[in-house]
Amino acid sequence: MKYYLLLPLLLFTSCGQQKAETQDTAQTEQTSDGIHRLPNYAYTDSLMQGSHKVIYSITSQADENLPEVVDEDGIKYKDNRFNLVITKDGKQFFSHSFTKADFKSQLSEDFQKYGIMDGLRFNHIEEGKLYFNTCVSFPDSDMSCPFILTIGPDGSFNLAPDTTIDDDFPPASEQS
């Protein structure tokens, strides 16, 4: 039996030689153990950062070592691990494996307990920094906590809530 997991709608920017692949839905499959998993994912792309060629690779898989997430209906999901590797001019510049634990301090208790990491996509480059969209979401719902992952010119990274989606809507007090 197949179920569909809606990935949250994230805003993606493309400019110049940059490309971002978007995916609105991903199928999860229930395996013989009754646990739903997202399919493995792999994507590689390149861009120019000044005179430097940057190649980034994103892979993901359901991680058997991460705890299962059980929704309110008792449906079990396996959480995911996303790997990001970036090379600059042929030399590894950045490599990190991301899980929901990387966001723990920025997630509500509900998202820590019921959410899964379900996306990582390139967004744009600005002032030597690479920006990626990522999120933790409730499976089979449109409830998500979007984040911006920023990779600095020195290879450091920062995860911060993505508030740009909220900027498109007026506060509830201003809505008619």
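The values are calculated or read from the model by the stated rules, or taken from the named source; none is laboratory data. Keep in mind that this is a model prediction, so the values were computed, not measured. Here the Cβ is made from the backbone with ideal geometry for all residues, glycine too, and neighbour counts use every protein chain on show.
Remarks
- The lone exception for LYS113 - which of (1) closer than 20 Å to ARG37 by Cβ; (2) assigned to a strand (DSSP E or B) it fails: (2)
- Tally, over the stretch 87-117, of residues that are within 16 Å of GLU64 (Cα to Cα) and without any contact (Cβ under 8 Å) to a residue 24 or more places away in the chain: 2
- For the stretch 73-86, the set of residues classified as more than 19 Å from the chain's Cα centre (by Cα), outside any strand (DSSP E or B) and touching a residue at least 24 places away in the same chain (Cβ under 8 Å) consists of ILE75 only.
- Whether a residue is surrounded by 14 or more Cβ atoms within 10 Å (Cβ to Cβ), closer than 19 Å to ALA42 by Cβ and modelled with pLDDT of 95 or more was assessed, and ASP63 passes this test.
- From the list ILE125, ILE116, ILE58, the lone residue that is under 14 Å from the mean Cα position of the chain (by Cα), closer than 21 Å to GLY152 by Cβ, crowded, with 18+ Cβ neighbours inside 10 Å and of a type in the set (A, V, I, L, M) is ILE58.
- ASN65 vs. criteria in a loop (DSSP other than H, G, I, E, B) and of a type in the set (S, T, N, Q): yes
- Of the residues making up the stretch 128-160, those that are over 12 Å from the mean Cα position of the chain (by Cα), in a strand (DSSP E or B) and touching a residue at least 12 places away in the same chain (Cβ under 8 Å) number 6.
- Comparison of THR99, THR28 shows that the only residue that is touching a Phe, Trp or Tyr at 6+ places or on another chain (Cβ under 9 Å), at pLDDT below 95, at negative phi and surrounded by 17 or more Cβ atoms within 10 Å (Cβ to Cβ) is THR28.
- Complete set of residues in the stretch 131-154 that are over 17 Å from LEU120 (Cβ atoms) and either among the charged types (D, E, K, R) or in contact with a Phe, Trp or Tyr (Cβ under 6 Å, 6 or more places away or on another chain) (or both): PHE138, ASP140, ASP142, ASP154
- For LEU47, the conditions (1) touching a helix residue (DSSP H, G or I) at 6+ places or on another chain (Cβ under 9 Å); (2) in a strand (DSSP E or B) all hold with the exception of (1).
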